[in-house]
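The values are calculated or read from the model by the stated rules, or taken from the named source; none is laboratory data. All figures in this text were calculated on a predicted structure; none of them were measured in a lab. Cβ sites come from the backbone with ideal geometry, for glycine too, and all protein chains shown count toward neighbours. Protein only, heavy atoms only, side chains kept; ligands, DNA and RNA dropped before computing areas. Shrake-Rupley method; radii C 1.70, N 1.55, O 1.52, S 1.80 Å.
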Amino acid sequence: MSFPEYSMHKYLLIESRDPYESGDAEFIPNLATNLARKGKEVTILLVQNGVLPARAKAARGELQNALEAGVIVLADSFSLRERGIADSDIVSTIRAVLLDVVVDAMADGTKTIWH
Amino acid sequence: MTDTPTLTFAFMDPPFETGRTATFFRLLDICARRGYHIKVFAYEGAVALPFSQQKPHANAVHGRDASEENHPLPKDWIAALTEEAERNGGSLNWVNCGLCVDERGVNAAIDGVSRGSPADFWKLAAASTNSLVIPTR
């Protein structure tokens, strides 16, 4: 039995952890930044409490580094609404999206990792 | 492999505990509405999600009976997702880790749930378009 061919060029990294509560919440932005610098196509999706650093007034350096490296950063709109965060409250370079992006990526063969 | 995607999810969280459970079910819901073939390997506490003896309860603090409380039960969500996937031409195949079931005494599962081992997750993943492991912390 052999595994299907996954794309090793495209990555979707899902961050669910609150950086103010988890000591390892830098892992995903740093991994994304490193992958992007190696020419990979990388997207971070923030979900659950992972959306908290998407707020413009709570912006964190590691996400900014990822954005500057060419990483696309998205935030789950449902998670934002659950926490009373309006789309207008988030960093302008982070886009609120539906969770469908995960299923789209998986169906497309994108390497998808949950943290 | 057919043109319809087959997606496998490994999940570990028990019912009623974490936000991951809601997000996991939201992902399954998207797949079911699209008529995808969904494979789930439930490990550790997640094997209690399809436990058939889950029961709704009243909320005396808020003065609501069981009907008014309308307590959500994951076993009903799984049954509904299975129906939704099949209505759209897809399927939901749920495999519970057998040892995890025995540890917790949650052998009674709703119809359609099978018993397996981590080796089944490997087989499911190998036969799928893609897989996502949602680990607990």
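Of B:104, B:33, the order by accessible heavy-atom surface (1.4 Å probe, DNA, RNA and ligands excluded), from most exposed downward, is B:33, B:104.
For the residue pairs A:57/A:111; A:111/B:123; A:38/B:39; A:111/B:39, the alpha carbons lie more than 23 Å apart in A:57/A:111; A:38/B:39. The chymotrypsin sites (Phe, Trp or Tyr not before Pro) of the range B:1-74 that meet both conditions, a loop assignment by DSSP and at most 14 other Cβ atoms within 10 Å of the site Cβ, are B:16.
Taking the C-alpha atoms only, the angle from helix B:19-34 to the longest principal axis of chain B is near 60 degrees. About its Cα centre, what dipole magnitude does the range A:27-115 give when the only charges are +1 on Lys and Arg Cβ and -1 on Asp and Glu Cβ, stated in debye to the nearest 20? The dipole of the range A:27-115 has a size of about 300 debye. When nucleic acids and ligands are ignored and a 1.4 Å probe is applied, residue A:108 ends up with an accessible area of around 90 Å². Excluding residues fewer than 8 places away in the same chain, name every one of the lysines whose C-alpha is closer than 16 Å to that of residue B:55. Qualifying lysines at Cα under 16 Å: B:75. In the full protein context, chain B carries 48 Å² of accessible surface per residue, based on a 1.4 Å probe and ignoring ligands, DNA and RNA. Counting every alpha-carbon pair across chain A, the share separated by more than 19 Å comes to 42%. Residues in chain A average 48 Å² of solvent-accessible surface per residue, probe 1.4 Å, ligands and nucleic acids excluded. By how many degrees, between 0 and 90 and to the nearest 10, does the Cα long axis of helix B:74-87 differ from the longest principal axis of chain B? Tilt relative to chain B: about 40 degrees. With the cut-off at under 20 Å, measuring from each backbone N in the range B:89-113 to a point 7 Å along the Cα-to-Cβ line of residue B:57 picks out B:104-108. Can you tally the net charge around residue A:62? Count Lys and Arg as +1, Asp and Glu as -1, for every other residue whose Cβ sits under 12 Å from the Cβ of residue A:62. So the environment of residue A:62 carries a net charge of -3.
Principal semi-axes of the equivalent ellipsoid, √(5λ) from the alpha carbon gyration tensor of the protein assembly as shown, are 31, 24, 16 Å from largest down.
With the simple spin-label model, which puts each label point 7 Å out from Cα in the Cβ direction, the residue A:27 to residue B:22 separation comes to 2.3 nm. For chain B, the mean residue ellipticity at 222 nm estimated from helices alone is -10500 deg cm²/dmol, where every DSSP H run of n ≥ 4 contributes -39500 (n - 2.57) and the total is divided by all residues, rounded to the nearest 500. Taking the protein heavy atoms of the protein assembly as shown in the context of the full set of protein chains, the accessible area attributed to carbon and sulfur is 50 percent at 1.4 Å. When you filter the chymotrypsin sites (Phe, Trp or Tyr not before Pro) in the range A:6-115 for DSSP loop state and at most 12 other Cβ atoms inside 10 Å of their Cβ, you are left with A:20.
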